[in-house]
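Note sheet for the following structure.
Each value in this text was obtained by applying a stated rule to the coordinates, not by laboratory testing. As the structure is a computational prediction, the values presented were derived from the model and not from experiment. Backbone-built Cβ (ideal geometry, glycine too); neighbour counts: all protein chains shown.
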Amino acid sequence: MLVIMLGPPGSGKGTQASRLASDKDLEHLSTGDILRNAVKEGTDLGLEAKRYMEAGDLVPDDLILGIIKERVQDDGKSFLFDGFPRTIPQAEGLDNMLNEIGSGVDLVLDLEVSDNEVINRLSGRFFCPQCQATYNYPNNLPKKEGICDKCGAGLEKRKDDTEEVVKNRLKVYKDQTQPLQDYYRKKSILKAVNGERPIETIFSDLAGIVDSTK
């Protein structure tokens, strides 16, 4: 079984994907993990990817797909892709690669979260520079606004969590990744899930969809 998880930044996609993979015996594959493992294992493709990564360049899609192919050819394994594909060309490349090995995408889960909620969640993240405790909207707010519960230091915001940066990340997602919704909807394998509910409720829905697809 091969499952893809989609969702905008701040949707909780990574958290849900990790838990779902563990609960449903799926191997959780993120692009970063795939590349790091290939480099660590010293495969030919991994060493090639390492050269791009060390130079600070993006690893080409065909190289990422080659590394993914090495992973998914293992018999008897099921996978959950988190963060890949991000674009239509990547999705088309993934489909072509999977066809070559007699496989295909079985299910695409799409966590739906409104723009305002994404902005509130990501611009509402703070950390304590003294003890490194983290706080976020809406589930983990400090008892006193702007003050760390643990050590009393003033909370700070990371540079990439400003509203301006968040809006830009959201625009990039809409331009590059959101078109995948229609791409997979046309294949009748896209299942949308409301991502603005309690974490446990969302997970229960995701798990139920995976069970019904097996």
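Things worth noting here:
- Entry for Cα Rg over 2.2 N^0.38 Å (calculated from the structure that is shown) out of [x] 1.11; [y] 1.17; [z] 1.45: [x]
- Highest-fluctuation residue, Thr162, Thr31, Thr177 considered, GNM on the chain with Cα pairs under 10 Å: Thr162
- Helix 199-213 axis versus longest C-alpha principal axis of the chain: approximately 10°, rounded to the nearest ten.
- Nearest-ten-degree value, helix 88-100 long axis tilted from longest Cα axis of the chain: 40 degrees
- In this simple spin-label approximation, Lys187 and Gln132 carry label points 7 Å from Cα along the Cα→Cβ vector, and these lie 3.9 nm apart.
- Of all DSSP bridge pairs formed entirely within the chain, close to 30 percent run antiparallel.
- Tilt relative to the chain, helix 163-176 - C-alpha long axis, 0 to 90 degrees, to 10: 20 degrees
- For Glu27, distant residues with modelled amide H under 5 Å away: Ser78, Phe79, Leu80
- Inter-label distance, nm, simple model (7 Å from Cα along the C-beta direction), Asp175/Ala153: 3.6 nm
- In a fully extended conformation the segment linking Ser212 and Thr162 would gain 14.0 nm over its present Cα-Cα distance, using 0.36 nm per residue.
- Estimated distance in nm for a label pair at Ile101 and Glu48, the labels positioned 7 Å out from Cα along Cα-to-Cβ: 1.5 nm
- When each of Lys50/Lys191; Lys186/Lys214; Lys77/Lys214; Lys50/Lys187; Lys13/Lys186 is checked by Cα-Cα distance, pairs over 24 Å: Lys50/Lys191; Lys50/Lys187
- Extension gain, Arg36 to Lys143, is 34.6 nm, computed as 0.36 nm per intervening residue step minus the present C-alpha separation.
- Positive-end residue of Ile147, Tyr52, Ser103, charge dipole of the chain with Cβ unit charges: Ile147
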